[in-house]
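Read the structure below first, then the notes.
The values are calculated or read from the model by the stated rules, or taken from the named source; none is laboratory data. As the structure is a prediction and not an experimental result, all values here were calculated from the model. With ideal geometry, Cβ positions are generated from the backbone for all residues, glycine too; neighbour counts draw on all protein chains shown. With ligands, DNA and RNA removed, areas are computed over all heavy atoms of the protein, side chains included. Shrake-Rupley method; radii C 1.70, N 1.55, O 1.52, S 1.80 Å.
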Amino acid sequence: MKKAFNQIDLTVNEEKLLNALVQAKKQNFIIPTFEQMKNPDLIPDEIKEKLKDIDLWDLDPLNLFRISWHNEPKKSGGGFSDVNYLEIPREISGVKAKIIAISGKWIPTGSHKVGAAFACLVPRLVTGQFDPTSTKAVWPSTGNYCRGGAYDSALLSCESIAILPEGMSKERFEWLESVAGETIKTAGTESNVKEIFDKCWELRNSGEDLMIFNQFEEFGNYLWHHEITGAAIESVLNKIKGNYHGLVSCTGSGGTIAAGDYLKKVYPTSKIAASEAQQCPTIFNNGFGDHRIEGIGDKHIPWIHNVKNTDVAIAIDDEASMNWIRMFNEPNGIELLKEKGVDDETMDKLSWVGISGAANIIGAIKYAKYFELTEDDVIVTILTDSMEMYKSRLDELNAERGEFTAFHAHEVFARYFMGIDISYFKELGYYDRKAIHNLKYYTWVEQQGKTYDEIMAQWYDEEYWTSIPEKAKELDDLIISFNEKVKALEL
């Protein structure tokens, strides 16, 4: 008999639930359903009308309804539209295939991670497992996830603790100062995930009343990207002419890549490519090291990454990503791209590409070259955030290397754009994937308290993964019930 694992616990605690309801009433807090995040046509007109007076990043509970890929690309007062995406022209990619990158810039906080964070909080909130009146929400992250968690916590008016490496961009820390109750800086940069986990254990053992929402193990993260990001990509593919071939995604927490699991159900022959930094090639080569592609945590395999469903591993040189953001944002780089024939619409959207977004596009180009794709083929990738979080990195690069001159622009274009090749690209066989999956043991079973039975189920029991999306309907029913109880509550 197969053993059932409760990846998303929806057990109700009535006593704490009442506290959550009272808090939501006081904050005028209405929770969107997964169906509303997927299809904004289902959002009540009165909420859409009120959003016309609210900025995209405002700490207003109604902005929860903007946790969606379907926001109009406006900083203030926007409604809903088709999914925002950038199609990478051949003048930039050098390949015939269509490369589509959906954009997280037009989601509150400027990153889709706010959706993943909320999907981790929501099951605990609507079941009464999390008491916002007394419990602190802890958000461990390598960047945007803790920003999203702090944002969600602020909307609910509950205390939050953001944990992230000290080497992240200063924009993240400056923003967190005004939103998070407390920010803890751990040693290192993007690769130093264990240091974050160690801090979580320290907090657990402190005796404080807190709940840790660890994105690397929270299946709400997987569920949001499977149901919401996957459906958003499908809606774009329905508009784009061509044969969808695969999804390329950097593996930070292992959440975003879950969209590929959704897409494989719709397009059974499609592939999932996991990319990471060449300087820390954990998936590609069981490697380790430091890198500069902010937001992708390495030196371990996330618990929520469905490795058995991953077809390709790609390692991206972080130097390429850093040079891409210079090319897209420095005057001489912009001028060269115009000379190469990049159209005005694309030029206007290049600021949508952050450092990990550049890595994702580079991975998609490698993918197109490796599989010799044609103009009939489509690859999809993700722009997790935008340059809004990395302007200081441009200043640092200029201070370190000098002005990005016209000569540098030509050099970068030849080497890091047209010079992209298929090195550090690996198709994964059955035992390649199993070897990657087995790496989970050392982090999660030996260090983080997961069980041998469950790590085995992740590999051998297909229902382990297919049962997670089934929680979306049950969770929506709980959200609807929660909202109705809040509305009926009299204080």
Taking only C-alpha positions in region 36-108, Rg and Dmax in angstrom work out to 14.7, 47
Ranked from highest to lowest mean number of other Cβ atoms within 10 Å per residue, what is the order of the peptides 95-102, 191-198, 257-264? 257-264, 95-102, 191-198
With all protein chains present, how much of the accessible area of region 319-416 (probe radius 1.4 Å) comes from carbon and sulfur, to the nearest whole percent? 45
Convex hull volume per residue for region 74-206, taking Cα atoms only, in Å³: 163
Computed curve, region 376-440, Cα-only Debye sum without solvent term, log₁₀ I(q)/I(0) at 0.13, 0.23, 0.29 Å⁻¹, is -0.75, -1.10, -1.16
Quick check: at a probe of 1.4 Å, how many percent of the accessible area of region 65-119 sits on carbon and sulfur atoms? 43
Determine the equivalent ellipsoid of region 12-141 by diagonalising the alpha-carbon gyration tensor, then write out the semi-axes as square roots of 5 times the eigenvalues, largest first, rounded to whole Å. 33, 18, 12
Can you give the translational diffusion coefficient of the chain in µm²/s, computed by Stokes-Einstein from the Kirkwood radius over Cα pairs at 37 °C and 0.692 mPa s? 145
Sorted from largest to smallest, which semi-axis lengths in Å does the alpha carbon gyration tensor of region 390-491 give for its equivalent ellipsoid, taking the root of 5 times each eigenvalue? 45, 30, 16
Charges only on Cβ, +1 for Lys and Arg, -1 for Asp and Glu: so what's the dipole of region 61-181 about the Cα centre, in debye to the nearest 20? 320
Taking every pair of distinct Cα atoms and averaging 1/r, then inverting, what Kirkwood hydrodynamic radius in Å comes out for region 189-308? 15.7
Computing the accessible area with a 1.4 Å probe over protein heavy atoms, can you report the carbon and sulfur percentage for region 140-275? 44
Of the GluC sites (Glu not before Pro) in region 422-490, those whose Cβ has at most 14 other Cβ within 10 Å and which sit in DSSP loop: GLU446, GLU462, GLU470, GLU490
Per-residue ellipticity at 222 nm for the chain, helices alone: DSSP H runs ≥ 4 residues times -39500 (n - 2.57), over residue total, nearest 500 deg cm²/dmol? -12000 deg cm²/dmol
In angstroms, what radius of gyration and Dmax does region 347-411 have, counting Cα atoms only? 14.8, 43
Taking only protein heavy atoms and a 1.4 Å probe, what accessible area per residue, in Å², does the chain have with all protein chains in place? 38
Based on alpha-carbon positions alone, could you give the equivalent ellipsoid semi-axes of region 13-68 from the gyration tensor, as √(5λ), descending, whole Å? 23, 14, 9
For the chain, what does the relative contact order come out to in percent, with C-alpha contacts under 8 Å and a separation of six or more? 18
I'd like the trypsin sites (Lys or Arg not before Pro) in region 17-70 restricted to DSSP loop residues with at most 14 other Cβ atoms within 10 Å, sorted by number. LYS52
